[in-house]
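Nothing in this text is a laboratory measurement; each read-out follows from the coordinates by a stated rule. Note that the coordinates shown come from a computational prediction; the quantities given were computed from them, not determined experimentally. Because the Cβ atoms are built from the backbone with ideal geometry, glycine has one as well, and the counts that use them run over all protein chains shown.
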């Protein structure tokens, strides 16, 4: 029995016990800004929250600067509370994309300087009112001479009504000998014009879609309308 115990101990001595990490992430430090992305109708208020931590613990009394660039430029400042947070709110008066930057004003300069902790968020402002469900593209059809420019107008309205939908994005795609595309925004009357240059003879099919997700492309789920143009060679 003593021999077995001795052999067991000898075998055990060949192994090193390594403490398990347990999958616990290291403490976090620095500045975060939430929500990272969001979408609101024009004319409403958007709020972001900056949180400052050191070693995973919130830090109070930290000076935070906020700056908005893009469709609705503005700025603000705040100081973190006991939970390490400072909030900033502003109203989006124009449709488009804003980038919101928060930084710790460590040196009290009143600006975000190199080396200071920063965080960013993106805000998309879309036209107020009900989502557009109907889109038309006119005029449909017609023969033009190659080398000319033709104008088409897309109109967006609330389905079943004449209520226009403004400040939303329409994507135009041209399929045919004059392939091209553009992303344009509707005006107050819910319309947007697209100038099509027919450099080459042949038949073009033109698509206009309501770009609900502002992706710059026409997705399968997005409503669209079509028109066609026939371009004849110059001199005919």
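Some observations on this one:
- Within the stretch 214-233, restricting attention to residues that are surrounded by 14 or more Cβ atoms within 10 Å (Cβ to Cβ) and part of a loop (DSSP other than H, G, I, E, B), the residue that is nearest to the chain's Cα centre (by Cα) is 214.
- Evaluation of residue 102 against the conditions (1) in a strand (DSSP E or B); (2) surrounded by fewer than 19 Cβ atoms within 10 Å (Cβ to Cβ) shows that the sole unmet condition is (2).
- Taking the stretch 147-190 as the range and being closer than 18 Å to residue 222 by Cβ and out of contact with any strand residue (DSSP E or B) (no Cβ under 7 Å at 6 or more places or on another chain) as the test, the residues that pass are 158, 166.
- Condition check for residue 200: over 20 Å from the mean Cα position of the chain (by Cα), part of a loop (DSSP other than H, G, I, E, B) and surrounded by 14 or more Cβ atoms within 10 Å (Cβ to Cβ): yes
- Pairs with Cβ under 8 Å, 6+ apart, first in the stretch 29-41 and free of Cβ contacts under 8 Å to residues at least 60 places away in the same chain, second assigned to a strand (DSSP E or B) and surrounded by 13 or more Cβ atoms within 10 Å (Cβ to Cβ): 29/53; 29/54
- Checklist (1) under 30 Å from residue 230 (Cβ atoms); (2) surrounded by 14 or more Cβ atoms within 10 Å (Cβ to Cβ) applied to residue 92, failing item: (1)
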